[in-house]
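Q: The structure is given below, and queries will be raised subsequently.
All of the numbers you see were taken from the coordinates with simple rules; none came from a lab. Note that the structure is a prediction, hence the values are computed from the model and not measured. Here the Cβ positions follow ideal geometry from the backbone for every residue, glycine too, while neighbour counts run over all protein chains shown.
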Amino acid sequence: MSIRSREKIKVLVVDDSMVYREILAKALSTDPSIEVIATAKDPFDARDKILELEPDVMTCDIEMPRMNGIDFIKRLLPQYPLPVIVVSTISDAVFEAMNAGAVDFVTKPDIRYADDVESFLKDLIKKVKVAKNAKIHPFIGRNTSTISTTSRSSEIGRRIIGIGASTGGTEAIHAILKSLPLQIPGIVIVQHIPPVFSRMFAERLNGSTLLQVKEARTGDILAPGKVLIAPGDRHMRIKKRGDEYRVECFEGDKVNGHCPSVDVLFESIAKEAGSYAVGVILTGMGYDGAKGLLAMKRNGAMTIGQDKESSIVYGMPKAAFEVGAVQQQIPLHQIAATLYSGKE
């Protein structure tokens, strides 16, 4: 085997559909940095090939015979920490897979439409490359402890928390929000996530935390205990009207390769909330949010970055830290307590 071949990202494709196995294998193999070393029709077939071939990354369907993808991921990762990208139809089951430890997910396209397939394959190749160096944290969302409410703040309604995340962010955000009490400033969040899934994500958080969580719409008012998630195909910014913060969601060009963009949100918070704000940058690839977090810091906001050890992908927090935007760099499990203690 050549040196070049050994340096390629070795991928195992797991899907019960022969059609999708062939599509994924052929498409991934077109990238010179990726080698599809095998395909598997179900988790039992995949298990044997994992042990034999030692792939760097696995793509995995959810709905499969004999064992579904979620149960497979739950059983696999504690024993064999392999980066997994879920490839599935539109369903909130992908969040269960993320909770089990999958790194990311891609939505299966309608194979009747060439443009959809092309976009899907480009996204998958990009995510495979990111997943190669991702850290695996199986079941990171299982801690259900909640901060007790021991004090009140008369100015809590004037304060605002902004959070930005990408790869690995759905579970990181979940871990933070489910540990927060109702008596917390309003929170606005940009998570790099496809349309439709942003609404599912908000509904999942609303049903599993004490907070009121919804996908944001223009005109929504931020209030204590309320969380607004940016739609998956809209930028989101805040505007102050009297004593209230309202959000605006709007179409626009990608910023730092993303719509919604963390920078768009953070820069609006810096302008509208100043020292009454807290900014948090979480796990993710790239540098979206670094510039906006720096603007928040310069305008007097408290700024927090997730540390390297607890990040699935230490890209966005690293970029923000390196430009001097992060005041406190802390592990994921400490962020909720830091937010609550800093709300005064």
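Q: Points 7 angstrom from Cα along the Cβ direction at GLU22 and ARG298: gap in nanometres?
A: Taking the two extended label points, one gets 5.6 nm.
Q: In terms of the Cα gyration tensor, with a ≥ b ≥ c the square roots of its eigenvalues, is the range 1-137 rounded because a/c is under 1.5, prolate because a/b exceeds b/c, or oblate?
A: Rounded, since a/c falls under 1.5.
Q: Count neighbours as other Cβ atoms within 10 Å of each site's Cβ, and list the trypsin sites (Lys or Arg not before Pro) in the range 1-108 that are DSSP loop with at most 15 such neighbours.
A: ARG66
Q: Taking 31 Å as the cut-off for C-alpha to C-alpha distance, list the pairs among LYS108/LYS239; LYS122/LYS297; LYS239/LYS291; LYS129/LYS291; LYS135/LYS297; LYS214/LYS308 that go past it.
A: As for pairs spanning more than 31 Å Cα to Cα, those are LYS108/LYS239; LYS122/LYS297.
Q: As a footprinting exposure proxy, order LEU182, LEU51 by other Cβ within 10 Å, with the fewest listed first.
A: Lowest count first: LEU51, LEU182.
Q: In the Gaussian network model of the chain, springs joining C-alpha atoms below 10 Å, which of GLY69, GLY252, GLY315 carries the largest mean-square fluctuation?
A: The residue with the greatest mean-square fluctuation here is GLY252.
Q: Rounded, prolate or oblate for the range 226-344? Axes are the square roots of the Cα gyration tensor eigenvalues, ordered a ≥ b ≥ c, and the cut-off for rounded is a/c under 1.5.
A: Oblate, since a/c reaches 1.5 and b/c is not below a/b.
Q: For the residue pair GLU54 and ARG75, what label-to-label distance in nm results when each label sits 7 Å from Cα along the Cα-to-beta-carbon direction?
A: 2.4
Q: Per the Kirkwood formula on distinct C-alpha pairs, the Rh of the range 159-256 is how many angstrom?
A: After inverting the pairwise mean of 1/r, the radius is 13.4 Å.
Q: Something else about it: P(r) tail for the range 42-110, what percent of Cα pairs lie past 13 Å?
A: So the pairs more than 13 Å apart make up 59 percent of the total in the range 42-110.
Q: Another question, then. Tell me, what is the percent relative contact order of the chain, built from C-alpha pairs under 8 Å that lie six or more residues apart?
A: 12
Q: Next question. Given that just one value was derived from the coordinates, which of [x] 17.9; [y] 25.0; [z] 17.1 is mean projected area of the Cα convex hull in nm²?
A: [z]
Q: Can you compute the helix-only [θ] at 222 nm over the chain? Use -39500 (n - 2.57) per DSSP H run of at least 4 residues, normalise by all residues, nearest 500 deg cm²/dmol.
A: -10500 deg cm²/dmol
Q: I need the shape label for the range 1-64. Rule: rounded when a/c is under 1.5, else prolate if a/b > b/c, else oblate, with a, b, c from the alpha carbon gyration tensor.
A: Values: a/c = 2.74, a/b = 1.46, b/c = 1.88.
Oblate, because a/c is 1.5 or more while a/b does not exceed b/c.
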